[in-house]
Amino acid sequence: MKNLVILVVMVIRIYFVFKVIQGLYFNYFNTNYSLDNVQWYIYALVIDIYMIKILDNSNPNDIYFEKKDDEK
């Protein structure tokens, strides 16, 4: 089940990146193409990166409160 969730998240991230690149490509060749749709994909990617950063930094073992062997 965990592998399936990881696979789905990776597919969604790849889709977001694809949509951003596609929107920038269309905007480059057609200046009338609006980037309003692309900005939501960029926001989603930034939020995803921010959430992953928070989850990576949330370590349940705080180094400042660990007991050392020589302390009692």
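All of the numbers you see were taken from the coordinates with simple rules; none came from a lab. Everything numeric in this text was worked out from a predicted model, so none of it was measured. Virtual Cβ from ideal backbone geometry, glycine too; neighbours counted across all protein chains shown.
Can you figure out the FRET efficiency of residue 36 with residue 5, using R₀ = 30 Å and their beta-carbon distance, to the nearest 0.05? If you can, show how the numbers build up before the last one.
Details: r = 30 Å, r/R0 = 1.01.
My answer for the efficiency is 0.50.
Describe numerically, in nm with one decimal, the distance between label points set 7 Å from Cα along Cα→Cβ at residue 57 and at residue 26.
Rounded to a tenth, the inter-label distance reads 3.6 nm.
log₁₀ I(q)/I(0) of region 2-57 at q = 0.19 Å⁻¹, via Debye over equal Cα point scatterers, no solvent, to two decimals?
With no solvent term, the Cα-only Debye profile gives -0.72.
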